[in-house]
1. Would you mention how many residues in the range 81-112 are of a type outside the set (Lys, Arg) and over 20 Å from the mean Cα position of the chain (by Cα)?
2. Looking only at strands (runs of 3 or more DSSP E) that fall completely inside the range 68-144, which ones have 2 or more residues that are among the charged types (D, E, K, R) and in contact with a strand residue (DSSP E or B) (Cβ under 7 Å, 6 or more places away or on another chain)?
3. Restricting to the range 157-213, name every residue that is within 11 Å of the chain's Cα centre (by Cα) and more than 17 Å from Ala245 (Cβ to Cβ).
4. For the range 6-36, enumerate the residues that are crowded, with 21+ Cβ neighbours inside 10 Å and of a type in the set (Asp, Glu).
5. Can you pull out every residue in the range 145-172 that is part of a loop (DSSP other than H, G, I, E, B), in contact (Cβ under 8 Å) with a residue 40 or more places away in the chain and closer than 17 Å to Ser194 by Cβ?
6. Suppose we filter the range 292-313 for residues that are surrounded by fewer than 16 Cβ atoms within 10 Å (Cβ to Cβ) and of a type in the set (S, T, N, Q); how many remain?
7. Given (1) in contact with a Phe, Trp or Tyr (Cβ under 8 Å, 6 or more places away or on another chain); (2) modelled with pLDDT under 95; (3) of a type in the set (D, E, K, R), identify the lone condition not met by Glu126.
8. Being touching a residue at least 60 places away in the same chain (Cβ under 8 Å) and among the β-branched types (Val, Ile, Thr) is the filter; apply it to the range 37-78 and report the residue that is surrounded by the fewest Cβ atoms within 10 Å (Cβ to Cβ).
Amino acid sequence: MRKLEFRSDTMTRPTTAMRQAMFEAEVGDDVCEEDPTVNKLQEMVAARLGKEAALFVPSGHFGNQCAIGVHTHPGDEVIVSEMTHVVEHEAGASGVLSGVQLRTIEPRHASYITADEIMPRLRIGEDVHFPRSRLIILENALSDGTVMPIAAMAEVKELASQHGLAVHLDGARLFNAALALDVEPRSIAAQSDSVSFCLSKGLGAPVGSVLCGTANFIDRARKRRKVMGGGMRQVGVLAAPGIIALTDGVRRLHEDHENARLLAKLLTRVPGVVLDLRKVQTNMVYIHVETQGKSEDGLVEFLAGRGILTYPPIMWGIRFVTSHEVTADDVRTLAAAIADYLES
C-alpha cells in the first residue's frame with residue numbers, strides 16, 4: 001500500500017530529473033572551490049537573491065549556525081522569536097558552537113517579532129552586566145505556515161542598522177514565502193544581511209541549503225563551514241539536484257499551496273475540525289480536534305493505520321504539509337479519513 005506522506009516536505013525523494021543530474025554532474029574539489037556544479041549553483045542563487053555571493057552547505061540548521069558564528073563573537077547576544085527553528089529545533093547549537101546567548105521574544109500579535117517588540121530588548125553600548133546585542137534572526141516563511149510581511153521585515157532591518165546589529169534570515173522555505181507574498185525572493189532577502197534557504201524543503205532536492213550574503217561574509221562563512229566540519233569534496237553530485245530544485249522545483253511550488261488550500265477548505269466542512277483559513281498561506285495546514293471522545297493523538301494513530309503519515313500534534317495542532325509527492329486526490333483521501341475518524 002502506498003503511504004501518503006504529510007509529515008513534511010523534507011520527506012520527498014529526488015525526481016527523475018534530479019537523479020539524472022546527479023549521475024551526470026561534473027565535479028571537482030569544493031574545498032578548493034573547484035567543483036563547477038557547486039560554483040554554478042552558488043552563482044545562480046546569489047543572482048536570484050540579489051546577494052554578492054553564496055555558499056552551499058549541508059542543511060538549513062548548518063546554514064543558520066554558520067551565519068551566527070560569522071556575525072557574532074562568544075558572549076554576544078542574539079535576539080530571536082522563541083518559536084523559531086534556531087530555538088526549537090537546533091539542539092542548543094548556538095551556545096555550543098558560537099558561545100552566544102539567545103534572547104528570545106514571544107510575539108504578541110502575530111507569529112513573528114516586530115521592531116517595536118525588539119527595541120526594548122536591545123542592549124547597546126558597554127555595560128559590564130550585559131552581553132552586547134549583535135544579531136537579530138528572522139524567519140520567512142514561519143513555522144506555523146504563515147509569512148512575515150515585507151514592511152515588517154524592513155522595520156526590523158532599519159532598527160538593526162540604526163544600532164549596528166546584523167540581521168540573518170532563516171528562509172528555509174523562502175520561495176514559499178515569496179509565492180505567498182507575491183514578490184520576488186530577492187525582495188525578501190533584501191531585508192537581511194545574510195539569508196539561508198533549504199533546497200530540500202518544498203523545492204524537492206534530497207539534501208542541501210545555501211547561505212548568502214556579501215562577498216566578505218561568504219569568505220568568512222567558508223572558513224566557518226570548514227571549522228564546523230562542512231568542508232565537502234566532490235559535492236557537485238548533491239548540488240546538481242539543487243539546480244533542478246531552483247528551476248523545476250520553484251516553477252511547480254504553487255501546486256503545493258493550492259493543495260494546502262484545498263485541504264483546508266475540505267476540512268472546514270468536517271464537524272469537529274478547528275482551523276484558521278487565514279493562516280493557510282503556504283504549504284502547511286494546522287488543525288485542532290474538538291469532538292467529544294476524540295483526540296488529536298488518536299487521529300494521528302488512526303491515520304497511520306490507513307497509511308497516512310503525520311507528526312504528533314504540537315502547540316498549533318496537527319500539521320499537514322503538502323509537497324510534490326502529494327496530489328489533490330491524496331488531499332481528498334486525507335480529508336475523508338479525518339471525517340471518518342471524527343464521525344465514527
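1. 8
2. The strands (runs of 3 or more DSSP E) meeting that bar are 133-139.
3. Selection gives Leu169, Asp170.
4. Asp9, Asp30, Asp35
5. Once the filter is applied, which keeps residues that are part of a loop (DSSP other than H, G, I, E, B), in contact (Cβ under 8 Å) with a residue 40 or more places away in the chain and closer than 17 Å to Ser194 by Cβ, the range 145-172 yields Gly164, Leu165, Ala172.
6. Adding up the residues that qualify gives 2.
7. Of the numbered conditions (1) in contact with a Phe, Trp or Tyr (Cβ under 8 Å, 6 or more places away or on another chain); (2) modelled with pLDDT under 95; (3) of a type in the set (D, E, K, R), the odd one out for Glu126 is (1).
8. Thr72
The values are calculated or read from the model by the stated rules, or taken from the named source; none is laboratory data. For clarity, every value in this text was computed on a predicted model and none was experimentally measured. Reconstructed Cβ throughout: ideal geometry from the backbone, glycine too, with neighbour counts over all protein chains shown.
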